[in-house]
Amino acid sequence: MWRQTPDGQAFDAWSTQALALIDDYDRKVAEFEAAWESAKQDAADSISQEEREHFTSGVYVEGRPHPTSHVDGSLHFLGTTLVVVCIIVFAVMGVTALFNAGTPAFGVVWPLLPLGLGVVSFAWGWLLGRRHPEWRQQYLASTAELHAWAERNEQAKAKSAADRERRFGFDPLASPAWRPEPWTTTPHPGPALLDFIRQAYTSFPRPAELIPLPLIEVRATQSEPVSSMREALRRLGAD
């Protein structure tokens, strides 16, 4: 009976507009999401296999040099390893002594053996280095070449990333989870409007009590870096 009254008829007209507004909002959300899925796929299809391999390997410049290695370097590494082993063995002895009335699980010869071998390795490597001073020069030269290559490679990597940003408006390889901002900053009107409609059949609102329908604004196209998504925003704004 209430819906036959002027108040009810005003509510019917308002609710028709409210439901149409909700449908239009949902339609635009779906259209924007479809446009984004298409843009992502187009970007992925445009990236060459070579570019993907460069990104995965991190190597963008061929001819990576390797530092020259000589016996003295290997002996220094061996000496360092043996000293670390000695420290570990001493630590194990200390822990076992705590739980064994001060008596370690094994004798002191076990940590002293790797310590002695480590000292010998260091000394041997030092003597060989003294006899072959050209080894250090070769190592420094090869290290400098590696550093120069690393700088060129990093520049090529940055250039490749900037090129993807320029082509697509985002980097599909470096930021696969990136997505554009929503097509509008207006919250979804559905929850508030549907809740009001449900309550109206017991509260019987008068025309002055009907809540204003929100104005849904499409965000500015220039705020979107992806060209195809800018076109989607234009279409949504024209609807």
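The values are calculated or read from the model by the stated rules, or taken from the named source; none is laboratory data. These numbers were taken from a predicted model, which means no experiment stands behind them. Just the protein is used for accessible areas: all its heavy atoms, side chains included, with ligands, DNA and RNA removed. Shrake-Rupley method; radii C 1.70, N 1.55, O 1.52, S 1.80 Å.
Could you calculate the contour length gain from Gln155 to Ile47, that is, 0.36 nm times the residue separation minus the distance between their Cα atoms, to one decimal place in nm?
37.0 nm
When the helix-only estimate is applied to the chain (DSSP H runs of n ≥ 4, each -39,500 (n - 2.57), divided by the residue count), what is the mean residue ellipticity at 222 nm, nearest 500 deg cm²/dmol?
Using -39500 (n - 2.57) per qualifying helix, the result is -24000 deg cm²/dmol.
Carbon and sulfur together cover what percent of the accessible area of the range 153-239 at a 1.4 Å probe radius?
That share works out to 56 percent.
Enter the accessible area per residue of the chain (Å², integer; probe 1.4 Å; all protein chains in place).
65
Under a cut-off of 17 Å between alpha-carbon atoms, report the lysines in cross-link reach of Lys40, not counting same-chain residues fewer than 8 places apart.
none
So how far, in whole Å, is the C-alpha centre of the range 174-216 from the one of the range 147-169?
44
Looking at the square roots a ≥ b ≥ c of the eigenvalues of the Cα gyration tensor of the range 102-239, which shape do they give, rounded for a/c under 1.5, prolate if a/b is larger than b/c, or oblate?
It is oblate, given that a/c is not under 1.5 and a/b is not larger than b/c.
Can you give me the C-alpha center-to-center distance between the range 88-113 and the range 1-51, rounded to a whole angstrom?
Computed from Cα coordinates, the inter-centre distance equals 73 Å.
First check a/c for the chain, with a ≥ b ≥ c the square roots of the eigenvalues of its C-alpha gyration tensor; if it is under 1.5, answer rounded, and if not, answer prolate when a/b is larger than b/c or oblate otherwise.
oblate
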